[in-house]
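> Could you have a look at this structure, given as structure tokens, before my questions?
The values are calculated or read from the model by the stated rules, or taken from the named source; none is laboratory data. Since we're looking at a predicted model, the values are computed, not measured. Note: ideal-geometry Cβ built from the backbone for every residue, glycine included; neighbour counts use all protein chains shown. To get the accessible areas, we keep the full protein, side chains included, count just its heavy atoms, and leave off ligands, DNA and RNA. Shrake-Rupley method; radii C 1.70, N 1.55, O 1.52, S 1.80 Å.
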Amino acid sequence: MKTSPAPTTGRALAKELLDWYDRHHRDLPWRISPPMAARGVRPDPYHIWLSEVMLQQTTVQAVKAYFAKFVTRWPTVDALAAAPSEDVMAAWAGLGYYARARNLKKCAEAVASLHGGRFPDTEDGLRSLPGIGDYTAAAVAAIAFNRPAAVMDGNVERVISRLYAVDVPLPGSKPAMKARVAELTPSDRPGDFAQAMMDLGATICTPRRPACALCPFRRDCRALEGDDPERFPVKAAKKEKPVRLGAAFVAVDLDGNVLLRRRVETGLLGGMTEVPTTDWNSRKDGETGTSAAPFAAEWKACGTVTHVFTHFELRLSIYRFHGPAPNDVRIHGWWEDVANLDAQALPTVMKKAISQAIPEAFPIERG
DNA sequence: AAGACGTGGAG
DNA sequence: TCTCCAAGTCT
């Protein structure tokens, strides 16, 4: 039988965590580490904002290369604001959730034109910008501007739900948990506290097999006391993914150009580039045929591509055409040199479709 | 307020 | 193979 943990004040918990962070923080490209911060070095709000948007529902590992690419190409928010949208979308291609890229551009333009190139330094000011929600507003306010904002992301939800053994399922428990975070957040180093909570969730208080023996909260954690930390956070059950079917048409002309189109600005893969496809629906496989092709020709079936999106699974039948480019008025879009496909705003599912039809199109990415 | 919205890595 | 999920936001 375990004894109850000694009652620990929020202030003491915060100190435990910050001490842990000083020794075990991760070094990340956009982060000013505690030793540097102690010398008065401050983070670049542009870097913090850019990284936070990229990190929404995305792993640190995936973000690193994109972050480096963006800050090299667009070193300031003004530079990003001045960039063509197509360039930004192409640079974002592969990272997913493309509304983030559209809003990134809009936000940069707003900061450049409405705020003279400087980010607002309050939660409310940040929250009003495109693509900045509760989490990102609090994170940028705390990390970039040292405001005592309560930062709660998936990591913090996990840490808090375990620390207090929260039985109410997410997302219903969110407001109560955010109140807990607000209690704990110190006025002294709120940015480091937020980053420490997230590092703790990412490296110690992990979804599976948490390393509780190494946790600065191990003496205070109600979930550990109950002996089953993995039970938290409690979440609502998720639905199963429907399957949708469609066909994609990869046309290559005699000069080695591929027919591409731009998708509409909103919705799935909005504003990104694609090869012509049918609608994606639940009709039986093979029913589509080539009647929906962008032009009448000898389309050759060359297999299928499966791609899993967040809320459905897509099975695309791939068709290939090679021959003279038809002069067909129904074709909207453009013919792009195969050698130039890497510079296009092609989402992963479209790269898969093109690779299936013409394997030499993306030689480096073939595995 | 519940569903739309991508992708790739880990176990 | 398959399930989960990673620093959420918008409508």
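> Show me, for segment A:241-256, the HN-Hα J-couplings you get by feeding each phi into the Karplus relation (A = 6.51, B = -1.76, C = 1.60, θ = phi - 60°), rounded to Hz, glycine and proline as x.
These are the phi-based 3J(HN,Hα) values: 8, x, 9, 10, 10, x, 10, 10, 10, 9, 9, 10, 7, 6, 9, x Hz.
> Among A:Cys205, A:Ala293, A:Phe145, pick out the residue whose Cα is farthest towards the positive end of the charge dipole of chain A, where Lys and Arg carry +1 and Asp and Glu carry -1 on C-beta, about the Cα centre.
A:Cys205
> If you find the alpha carbon centre of segment A:131-199 and of segment A:296-317, how far apart are they in angstrom?
Spelled out, the Cα-based centre of one part sits 41 Å from the other.
> Which chymotrypsin sites (Phe, Trp or Tyr not before Pro) in segment A:1-87 pass both tests, a DSSP loop state and at most 12 other beta-carbon atoms within 10 Å?
Answer by residue number: there is no such site.
> Restricting to chain A, what percent of DSSP beta bridges are antiparallel, rounded to 5? Walk me through the intermediate numbers first.
Numbers: 16 of 27 bridges.
Taking every DSSP beta bridge with both residues in chain A, the antiparallel ones total about 60 percent.
> Shifting gears a bit: Using a 10 Å Cβ count of at most 14 others and DSSP loop calls, identify the longest part of chain A lacking such GluC sites (Glu not before Pro).
For GluC sites (Glu not before Pro) (loop position, at most 14 other Cβ atoms within 10 Å), the longest site-free span of chain A is A:1-239.
> In segment A:260-351, with Lys and Arg counted as +1 and Asp and Glu as -1 at Cβ, which of these residues, A:Gly323, A:Met350, A:Thr277, has the Cα nearest the positive end of the dipole, that is, farthest along it?
A:Thr277
> Quick one: Karplus J couplings for segment A:318-327, per residue in order, coefficients 6.51, -1.76, 1.60, θ = phi - 60°, nearest Hz, x for Gly and Pro?
9, 10, 10, 10, 9, x, x, 5, x, 9
> Compute the FRET efficiency between A:Arg209 and A:Asn327 as 1/(1 + (r/R0)^6), taking r as their Cβ-Cβ distance and R0 = 56 Å, and round to the nearest 0.05.
Calculated value: 0.35.
> Rank these residues by their accessible area, most exposed first, probe 1.4 Å: A:Asp188, A:Asp78.
The ordering from most to least exposed comes out as A:Asp188, A:Asp78.
> Follow-up. Using Cα pairs under 8 angstrom and six or more residues apart, how large is the relative contact order of segment A:296-367, in percent?
Working: 59 pairs, mean separation 21.5, N = 72.
Normalised by residue count, the contact order of segment A:296-367 is 30 percent.
> Cut-off under 18 Å on the C-alpha distance; same-chain residues fewer than 8 positions from A:Lys352 excluded. Which lysines are left, in chain and number order?
Output for A:Lys352: A:Lys300.
> With a ≥ b ≥ c the root eigenvalues of the C-alpha gyration tensor of segment A:39-87, is it rounded (a/c under 1.5), prolate (a/b larger than b/c) or oblate?
oblate
> Could you let me know the centre-to-centre spacing of segment A:1-74 and segment A:318-361, using Cα atoms, in angstrom?
What the calculation gives is 41 Å, centre to centre.
> Residue by residue, what Karplus-based ³J(HN,Hα) values in Hz, rounded to whole numbers, does segment A:222-234 have, using 6.51, -1.76 and 1.60 with θ = phi - 60° and x for Gly and Pro?
Whole-Hz 3J(HN,Hα) from phi for segment A:222-234: 6, 5, 5, 4, x, 6, 9, x, 5, 5, 10, x, 6.
> Where a ≥ b ≥ c are the square roots of the eigenvalues of the C-alpha gyration tensor, would you call segment A:96-217 rounded, which needs a/c under 1.5, or, failing that, prolate if a/b is larger than b/c, or oblate?
Judged from the Cα gyration tensor, segment A:96-217 comes out prolate (a/c at least 1.5, a/b above b/c).
> How much of the accessible area of chain A, in percent, comes from carbon and sulfur atoms when a 1.4 Å probe is used?
Solvent-exposed carbon and sulfur of chain A make up 51 percent of the total.
> Could you tell me the calculated FRET efficiency between A:Asp255 and A:Asp44, based on Cβ-Cβ distance and R0 = 35 angstrom, to the nearest 0.05? Provide the component values of the computation, followed by the final result.
Details: r = 45 Å, r/R0 = 1.28.
Step by step, r from the Cβ atoms, then E = 0.20.
> Oh, and also: For chain A, build the charge dipole from Cβ charges (+1 Lys, Arg; -1 Asp, Glu) around the Cα centre, then report which of A:Pro171, A:Phe309, A:Tyr98 sits farthest towards its positive end.
Of the candidates, A:Pro171 comes out farthest on the positive side.
> Taking the Cα centre as origin and putting +1 on Lys and Arg beta-carbons and -1 on Asp and Glu beta-carbons, what dipole magnitude results for chain A, to the nearest 20 debye?
880 debye
> Calculate, in whole percent, how much of the Cα-Cα pair population of segment A:10-231 lies beyond 21 Å.
The share of Cα pairs beyond 21 Å in segment A:10-231 comes to 55 percent.
> Here's another thing I want to ask about it. Hey, can you grab everything whose amide H is under 5 Å from the amide H of A:Glu336? Only 5+ residues off in sequence or another chain; H modelled, so Pro and N-termini drop out.
Excluding prolines and chain starts, which carry no amide H, the hits are A:Val258, A:Leu259, A:Leu260.
> Hey, rough spin-label estimate for A:Phe309 and A:Arg23, points 7 angstrom out along Cα→Cβ, what's it come to in nanometres?
Those two pseudo-labels are separated by 4.8 nm.
> Over segment A:10-231, how many pairs of lysines fall under 25 Å by alpha carbon, counting only those 8 or more apart in sequence or from different chains?
Taking segment A:10-231 as the scope, the lysine pair count is 6.
> Can you bin segment A:243-365 into rounded, prolate or oblate? Criterion: square roots of the alpha carbon gyration tensor eigenvalues sorted a ≥ b ≥ c, rounded for a/c under 1.5, prolate for a/b above b/c, oblate for the rest.
rounded
> So for chain A, averaging the separation of alpha carbon pairs under 8 Å that are six or more residues apart and normalising by length, what relative contact order in percent results? Mind showing how you got there, number by number?
Values: 555 pairs, mean separation 58.4, N = 367.
For chain A, the relative contact order is 16 percent.
> Collect residues whose amide H, placed 1.01 Å from N in the peptide plane, falls under 5 Å from the amide H of A:Thr304; neighbours closer than 5 in sequence don't count.
For A:Thr304, the qualifying residues are A:Ile318.
> Okay, next question. Please determine, in degrees from 0 to 90 and to the nearest 10, the orientation of helix A:154-163 with respect to the longest principal axis defined by the Cα atoms of chain A, where the helix direction is its Cα long axis.
Taking the Cα atoms of chain A, the angle to A:154-163 is about 30 degrees.
> Quick one: accessible area per residue over chain A, 1.4 Å probe, rounded to a whole number of Å²? If you can, show how the numbers build up before the last one.
Details: 18630 Å² over 367 residues.
Per-residue accessible area for chain A comes out at 51 Å².
> With everything on Cα atoms, drop me the angle between helix A:99-114 and the longest principal axis of chain A, reported from 0 to 90° to the nearest 10.
Its long axis makes an angle of about 70 degrees.
> Next question. Could you calculate the FRET efficiency of A:Asn340 with A:Thr122 from 1/(1 + (r/R0)^6), where r is the beta carbon distance between them and R0 is 56 Å, rounded to 0.05?
So the FRET efficiency works out to roughly 0.80.
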